[in-house]
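Worksheet: one structure, shown below.
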């Protein structure tokens, strides 16, 4: 299912999400448990405001990851495989605030993303690269869902006993879907005149709202707390 955010412009500007992603990327490396929970709660609250339906999926995924990590830590003996799976689960849980922010960021249209980055003075080619990358993610997810539904209709699915067969079922059609997405994005760029060598203008002027200021202040406070705790220990 394609993620859309029709009314998210009234809540947060894309540049706010982008700055928070940068702040959280640094904070995640040095945050303790309390500050990590603060990042996670902030990201979930923002997702509830922007894309309410997807927030339930995020909470369910987080709960499943947490329960699996607890199960492995308490109920299973740590070996090579269990240790590797446990480490992967911890990394996914640790990076979950960034994943949530990336999902919110990808809900904006490519026009809004490019206009926002153009206003803060980023190079034109970099604006195109960022916009295409984050618009590619929901499209990729939607195509993967289509492949899964098609395989289910034909009575096919992922099977651990036959991994190569499962690889063929999902990866081969996915490669064709990815090529199709690239053609669509290229046609969209040409149609909108993005590649035309002239000065680009915007219909909208993006200004920070009170919510933007609030969440950015919280993000900088979290980063400041992480740095303070890090150097306090030293």
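The values are calculated or read from the model by the stated rules, or taken from the named source; none is laboratory data. Quick caveat, the model's predicted, so the values are computed rather than measured. Neighbour counts run over all protein chains shown; Cβ positions are idealised from the backbone, glycine included.
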Given (1) at pLDDT 75 or above; (2) part of a loop (DSSP other than H, G, I, E, B); (3) loosely packed, with under 14 Cβ neighbours inside 10 Å, where does residue 88 come up short, assuming only one miss? (2)
Looking at segment 95-111, is at least one residue closer than 30 Å to residue 199 by Cβ, out of contact with any helix residue (DSSP H, G or I) (no Cβ under 7 Å at 6 or more places or on another chain) and assigned to a helix (DSSP H, G or I)? yes
Conditions first: (1) at pLDDT below 75; (2) surrounded by fewer than 15 Cβ atoms within 10 Å (Cβ to Cβ); (3) within 26 Å of the chain's Cα centre (by Cα). Residue 214 passes all but one, so which condition is the exception? (1)
Scanning segment 63-77 residue by residue, those surrounded by fewer than 13 Cβ atoms within 10 Å (Cβ to Cβ) and either touching a helix residue (DSSP H, G or I) at 6+ places or on another chain (Cβ under 7 Å) or in a helix (DSSP H, G or I) (or both) turn out to be 63, 64, 67, 70, 71, 74, 75
What pairs come out if I take residues in segment 202-213 that are under 19 Å from residue 48 (Cβ atoms) and pair them with residues that are modelled with pLDDT of 65 or more and assigned to a loop (DSSP other than H, G, I, E, B) whose C-beta lies under 8 Å away, six or more apart or interchain? 209/11; 209/12; 209/13; 211/11; 211/12; 212/12; 212/13
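Here's the yes/no breakdown for (1) under 17 Å from residue 15 (Cβ atoms); (2) free of Cβ contacts under 8 Å to residues at least 24 places away in the same chain; (3) surrounded by 15 or more Cβ atoms within 10 Å (Cβ to Cβ):
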site: 97; (1), (2), (3): no, no, yes
site: 104; (1), (2), (3): yes, no, yes
site: 110; (1), (2), (3): yes, no, yes
site: 114; (1), (2), (3): yes, no, yes
site: 118; (1), (2), (3): yes, no, yes
site: 121; (1), (2), (3): yes, yes, no
site: 134; (1), (2), (3): yes, no, yes
site: 146; (1), (2), (3): no, no, no
site: 150; (1), (2), (3): no, yes, no
Residue 173 fails exactly one of (1) in contact with a helix residue (DSSP H, G or I) (Cβ under 9 Å, 6 or more places away or on another chain); (2) surrounded by 11 or more Cβ atoms within 10 Å (Cβ to Cβ); (3) at pLDDT below 75, namely (3)
